[in-house]
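Asks: Supplied in structure tokens, the structure appears directly below.
The values are calculated or read from the model by the stated rules, or taken from the named source; none is laboratory data. Everything numeric here is computed off the predicted structure, so don't read it as measured data. So basically every Cβ, Gly included, is an ideal-geometry build from the backbone, and we count neighbours across all protein chains shown. Only protein heavy atoms, including side chains, enter the accessible area calculation; ligands, DNA and RNA are left aside. Shrake-Rupley method; radii C 1.70, N 1.55, O 1.52, S 1.80 Å.
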Amino acid sequence: MPVKNRFAELLPEIAAWRRDFHEHPELLYDVHRTAGRVADLLREFGCDEVTEGVGRTGVVGVIKGRTDSKGRVVGLRADMDALPIIEQTGVEYASKTPGKMHACGHDGHTAMLLGAAKYLAETRNFDGTAIVIFQPAEEGGAGGEAMVLDGLVDRWKIDEFYGMHNMPGMPVGQFSIRPGAMMAAADQFDITVTGKGGHAAKPHECIDTTLTAAQIVVALQSVVARNIDPLKNAVISVCVVSTDSTAHNVIPQVVQLKGTARSLAPEVRDQLEEGIKRVATNIAAAMGARADVDYQRGYPVTMNDPQATEWAADVARDISGGVNMDMQPMMGGEDFSYMLNERPGAYIWVGNGDTAMVHHPAYNFNDDAIPAGSSWYAGMVEARLPAA
């Protein structure tokens, strides 16, 4: 079957929910309107339980199957938060909040999971319990971790987790997935270079922090190029350089560097942290300056369980007729990783068609992807909890 017929029927309703979320974007944990609307809809659907305030502003819905002979529980997750971007889509349902927009498709993810929840509550054609999870603060706030720390796994006794994200550039409704590392560990670092400021015409009386910082920026690339196994993936990007002076004729006392480090393996993550600290502090010392490095570990690697990946691909294959299993991992970060660290599961891409890339001001979720996405969410429950 290509798509569950019920989702073709529900498409206008699900799209309306999506566009409402799009029109009212909220950031990080401040998703009170979105979460409230989600909770109200879950209650309308007849979910057996609806719990708000999980991980601060997350929502969890419980849908029991017709039978429960084995006590199995499957968790389905969607993210709810938007981004601090000025929207440039020009659509009639564009953001009504200046400086905020759904530029990553979380409005679509939330709507697709709501569609699946409505279908599962109507049919209940499975043996066990489905948990629908609506998470805040994926965009840098670690809402997935917050929900886990708030007892998500133990309170609802979840055995497996499944999540999905849209992907621009992939045909609408097509799927891609891979076993193992799907997305990168996402860390960040702040390097403070301190020297001796002074007049730019007298560099010999100064310890030049700008020159020192420039040497550090260049040398950090040697960590990836010369310290990491070339067959393994790693990225170091310095994204911000700022000084304590904006004058044309002042050598600053302090320069700040900010950046990110990405990796797909724990040992590489350790190498990146050690290498950034070593290079920065030693180059600064060689220049007569001092570098203080604050390295902060962020989201862990999003790791798909091999068996769960096969199950996820089987359901996707039934919907779209084919699944790309040869995709390369991506170096972006994803806090669904915290849930996958607790229980086996899988994260899959669904095609958004020929649209702007996520995090771009002209991006918009493609409503035509809804039937495939909702079918996959619901299909994972019916496949992993087959009716007795």
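Asks: Got a number for residues in segment 135-177 being basic (K, R) and either open to solvent by less than 30 Å² (accessible area, probe 1.4 Å) or part of a strand (DSSP E or B) (or both)? Outline the logic, then answer.
Replies: Filtering segment 135-177 down to residues basic (K, R) leaves 155, 157.
From the residues that got through so far, the ones that are either open to solvent by less than 30 Å² (accessible area, probe 1.4 Å) or part of a strand (DSSP E or B) (or both) too are none.
Total meeting the criteria: 0.
Asks: For segment 25-41, what are the residues that are open to solvent by less than 50 Å² (accessible area, probe 1.4 Å) and in contact (Cβ under 8 Å) with a residue 60 or more places away in the chain?
Replies: P25, E26, L27, Y29, V31, T34, A35, V38, L41
Asks: Which residue is most open to solvent (accessible area, probe 1.4 Å), if the candidates are limited to segment 178-226 and must be farther than 17 Å from M287 by Cβ and out of contact with any strand residue (DSSP E or B) (no Cβ under 9 Å at 6 or more places or on another chain)?
Replies: Here the residue is R226.
Asks: What is the number of the single condition among (1) open to solvent by 20 Å² or more (accessible area, probe 1.4 Å); (2) closer than 20 Å to M183 by Cβ that T309 does not meet?
Replies: (1)
Asks: Looking at segment 49-73 only, could you name the residues that are surrounded by fewer than 24 Cβ atoms within 10 Å (Cβ to Cβ), hydrophobic (A, V, I, L, M, F, W, C) and under 20 Å from E342 (Cα atoms)?
Replies: Across segment 49-73, the qualifying residues are V54, V62, V73.
Asks: Within segment 108-117, identify whether any single residue is in contact (Cβ under 8 Å) with a residue 60 or more places away in the chain, among the small types (G, A, S), surrounded by fewer than 19 Cβ atoms within 10 Å (Cβ to Cβ) and out of contact with any strand residue (DSSP E or B) (no Cβ under 8 Å at 6 or more places or on another chain), and answer yes or no. Don't jump to the end; show me each part of the working.
Replies: Taking segment 108-117 first, the residues in contact (Cβ under 8 Å) with a residue 60 or more places away in the chain are 108-117.
Within this subset, residues satisfying the condition of being among the small types (G, A, S) are 108, 111, 115-117.
Going one step further and asking which of them are surrounded by fewer than 19 Cβ atoms within 10 Å (Cβ to Cβ), we end up with none.
Within segment 108-117, none of the residues are in contact (Cβ under 8 Å) with a residue 60 or more places away in the chain, among the small types (G, A, S), surrounded by fewer than 19 Cβ atoms within 10 Å (Cβ to Cβ) and out of contact with any strand residue (DSSP E or B) (no Cβ under 8 Å at 6 or more places or on another chain).
Asks: Taking segment 287-333, which residues are in a helix (DSSP H, G or I) and of a type outside the set (D, E, K, R)? Outline the logic, then answer.
Replies: Restricting attention to segment 287-333, the residues satisfying the condition of being in a helix (DSSP H, G or I) are 306-320.
Within segment 287-333, P306, Q307, A308, T309, W311, A312, A313, V315, A316, I319, S320 qualify.
Yes/no matrix, rows are residues, columns are (1) part of a helix (DSSP H, G or I); (2) open to solvent by 60 Å² or more (accessible area, probe 1.4 Å):
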{"residue": "L257", "(1), (2)": "no, no"}
{"residue": "V268", "(1), (2)": "yes, no"}
{"residue": "K277", "(1), (2)": "yes, yes"}
{"residue": "T281", "(1), (2)": "yes, no"}
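Asks: Considering segment 231-255 alone, what residues qualify as being more than 18 Å from D292 (Cβ to Cβ) and outside any strand (DSSP E or B)?
Replies: Hits for segment 231-255 are L231, K232, N233, S245, T246, A247, H248, N249.
Asks: Now, a different point. Kindly check whether there is at least one residue in segment 344-351 that is at pLDDT 95 or above, at negative phi and open to solvent by 40 Å² or more (accessible area, probe 1.4 Å).
Replies: For segment 344-351, residues at pLDDT 95 or above, at negative phi and open to solvent by 40 Å² or more (accessible area, probe 1.4 Å): present.
Asks: Scan segment 82-132 residue by residue and report those that are acidic (D, E) and either in a loop (DSSP other than H, G, I, E, B) or within 21 Å of E9 (Cα to Cα) (or both).
Replies: E87, E92, D107, E122
Asks: Quick check on segment 10-20. Is at least one of its residues of a type in the set (D, E) and either within 21 Å of the chain's Cα centre (by Cα) or outside any helix (DSSP H, G or I) (or both)?
Replies: no
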